[in-house]
Amino acid sequence: MAGLTADMVLVVALLAGTVVLFVTEVVRIDVAAIGIMVVIGLTGLVPAGDVFAGFSSNAVISIIAVMILGAALDRVGVMRSVAAFILRIGGATERRVLVTVSSAVGTISAFMQNIGAAALFLPVVERVAERTGLAASRLLMPMGFAAILGGTLTLVASGPLILLNDLLAASAAGAEPDFEPYGLFAPTPIGLALLASGIAVFALLGRWLLPVVSAERGSRAALPDVASTYGLDDELQPFVVPAGSPLLDDTIGEIEAQSGNVRLVAMSDPDGVRVGPSRDEYLAVGMAVALVGPDDEVDGFVERNGLLAGDGQWFSVLDDDERTGLAEVVVRPGSDAVSRRVEELRLRHRYGVVLLGLYQRGEVVTSDLRNRQLSGGDVMIVLAPWDRLAELDDDPSMVVLTEHPAEPPRSSKRWWAVGALVAALGLVIVGNLQLSLGLMTGAVVVIVAGVLSPDEAYRAVSWKTVFLLAALIPLGQAVEDTGTAAWIAERVIDAVDGFPVWGVQLVVALLATVFTLVVSNVGATVLLVPLAANVAVGVGADPAQFGLIVALAASNAFLLPTHQVNALLMGPGGYRVSDYLRAGSVMTCVFLVVLIPAVNAFA
């Protein structure tokens, strides 16, 4: 057997250096990956014309397209609907939400690329985290791992399984003429066992394996911070106005004048929910109202006026951070608002916003707000529909500090976004079109249809993820082209001579796991399936079964953020490489422990 060449030694050194840089994070991992890519080009391990080919690879283009499609679905409100559905089923506890989300994304990954499923569920998980108060980092990694595991459920769920029959047929040519190709659902029992065990790992051990970090979430992170910053922790409470209630005789302004610190922030009638109803309006029998204030004062107000308990779902729009939220509004020094009383501004009537508190002279005031005199620099904390807050921002006397969506969800474009995704997947699954081309077709549709503007589409892409994956592709190519991968594989396979069949299977699975971390899962499969089939023949085992083990073990990619799903979630989850090493080591061991018995039982 030939020994290591100079190029192979250099590739091994680069592999070791990449792992060290990723683990120590001396520099950001995307920067490290780009540096390795440049070194590969300078050393000639990969032809200069191929060094940057990763940026046009099927995987990278697919990721860009699916991020745009995911952003489009989020922009039209589909992801909020999915998040609400998950909350109804999973509740608000971490374990139940984790199991519900992971099961859903794992099932979807059975019929589409796992990166696509993960990218589509990313905004869903972020919204669920916001609404439940759970840390996104406690949900995103389990969701990502479930997406990867879902790739073992069917023969079209991942690249390695798609290639499996062709690779086995080539390996069996002339040696096994009766080779029977695997059917679409042949790996399903094994995949279900792997997915269930993966979900169970986080459901049972998540409290120790998952980090709690504060990931950046764009403008949405500012919304809950407003309440915590100013200590405004009063909850919204819904009630119904019955016949005979004293409230029916007075305007909302008169009601609040007699209600102390209780404020009527919204009302619901057949025409819909209105935030900040005018103080001149009257209530009607059967109308729902949302009250905010100290619990004891709200209880007294409800008892005096005979109100009935209501359903919080009536005011779900107030929990929709794309439509409504808390905002900080500063009184501009020297403006017309200075020295005026709050009630003179007529905030409800002019802008449809409700004042909940006033930060004035170093303290937060929540009582007798209407009669407070404003000074330059005072901060008003208001509950506002975002479209009306934009009007307030146009007032020269005010400065809105809180970042907020420029416009509400584009619900009228919902079917364009859904149709673009369905059409893209149809082109790939039914039309047998290349994944990247099919998904990019859908991305173009959502832009042309006006679901997203071109600038919004660019902002939807995580360019850190794109550069990380594109820069790693030349490293995988160098490992294969120089013969390093084949040399390592042959050495390991020779070392298992004399092992029992299950032991050989375990070594094959371990080898595929290691190769998947540094080479693409498709590359590892292409390289190892023929070798594994030959080993199976040598030990008197089924070559197809050994090939299936390689294709399934190619999904055992949890230790490092080199897999495209892990790379996608690293930024939004605020994860470090050490987080993947901790959780991924447990998941890798569980995967292998479940894989070998499951393959022998069902394949």
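Dividing the Cα radius of gyration by the Kirkwood radius, what Rg/Rh value follows for segment 422-546?
Working: Rg = 20.5 Å, Rh = 17.6 Å.
Dividing the radius of gyration by the Kirkwood radius yields 1.16.
With r as the distance between the Cβ atoms of V448 and V213 and R0 = 35 Å, compute the FRET efficiency 1/(1 + (r/R0)^6) and round to 0.05.
Efficiency, rounded to the nearest 0.05: 0.40.
Once amide H atoms are built 1.01 Å from N in the peptide plane, which residues 5 or more positions from L433, or in another chain, come under 5 Å H to H?
For L433, whose amide H was placed from the backbone, the distant partners under 5 Å are V428.
For segment 408-478, restrict the atom set to alpha-carbon positions and state the Rg and Dmax in Å.
Expressed in Å, the Cα Rg and Dmax of segment 408-478 come to 14.9, 49.
Compute the normalised compactness of segment 441-512: alpha-carbon radius of gyration over 2.2 N^0.38 Å, N being the residue count. Walk me through the intermediate numbers first.
Details: Rg = 21.8 Å, N = 72, 2.2 N^0.38 = 11.2 Å.
Taking the Cα Rg and dividing by 2.2 N^0.38 Å, one obtains 1.95.
Please compute the length gained on full extension between Y458 and L204, using 0.36 nm multiplied by the number of residues separating them and subtracting their Cα-Cα distance. Provide the component values of the computation, followed by the final result.
Values: separation 254, 0.36 × 254 = 91.44 nm, distance 3.89 nm.
Value of the extension gain: 87.5 nm.
For segment 473-603, just the Cα set please: Rg and Dmax, both in angstrom.
When restricted to the Cα atoms of segment 473-603, Rg and Dmax are 15.1, 48 Å.
Any idea how far apart A48 and D249 come out in nm if each label point goes 7 Å out from Cα toward Cβ?
With each label placed 7 Å out from Cα toward Cβ, I get 9.1 nm.
Name the residue farthest towards the positive end of the dipole of the chain from the options V240, W208, A554, assuming +1 on Cβ of Lys and Arg, -1 on Cβ of Asp and Glu, about the Cα centre.
Farthest along the dipole direction, towards plus: A554.
Rounded to the nearest 500 deg cm²/dmol, what is the calculated helix-only ellipticity per residue at 222 nm for the chain, with -39500 (n - 2.57) per DSSP H run of length n ≥ 4? Can you show the working numbers first?
Details: 25 runs with 343 residues, N = 603.
For the chain, the value works out to -18500 deg cm²/dmol.
Could you tell me what a quarter of the Cα convex hull surface of segment 351-400 works out to, in nm² with one decimal place?
Values: hull surface 14.0 nm².
Average projection, Cα convex hull of segment 351-400: 3.5 nm².
Just the Cα atoms of segment 116-158: what Rg and Dmax do they give in Å?
That works out to 11.7, 38 Å for Rg and Dmax.
Report the charge-dipole magnitude of the chain in Debye, nearest 20, computed about the Cα centre from +1 at each Lys and Arg Cβ and -1 at each Asp and Glu Cβ. Working shown, then result.
Values: 35 positive and 58 negative charges, 127 e Å.
Using Cβ point charges on Lys, Arg, Asp and Glu, the chain gives about 600 debye.
One-quarter of the Cα convex hull surface for the chain, in nm²? Walk me through the intermediate numbers first.
Numbers: hull surface 126.9 nm².
So the mean shadow area of the Cα hull is 31.7 nm².
What FRET efficiency do you get for S57 and D394 if R0 is 41 Å and r is their Cβ-Cβ distance, rounded to the nearest 0.05?
On the way: r = 47 Å, r/R0 = 1.14.
About 0.30, to the nearest 0.05.
Under 8 Å for C-alpha pairs, at least 6 residues apart: give me the relative contact order for segment 347-477, rounded to a whole percent. Write out the running numbers ahead of the final one.
Details: 102 pairs, mean separation 20.7, N = 131.
Relative contact order, segment 347-477: 16 percent.
Give me the extension gain from N600 to R346: residue separation times 0.36 nm, minus the current Cα-Cα distance, reported in nm with one decimal. List each step's numbers first, then the result.
On the way: separation 254, 0.36 × 254 = 91.44 nm, distance 7.38 nm.
Roughly 84.1 nm would be gained on extension.
Read the figures in this text as sums done on the coordinates, not as results from a lab. Model, not experiment: these values are computed from the prediction. Heads up, the Cβs are rebuilt from the backbone with ideal geometry, glycines too, and the neighbour counts pull from every protein chain shown.
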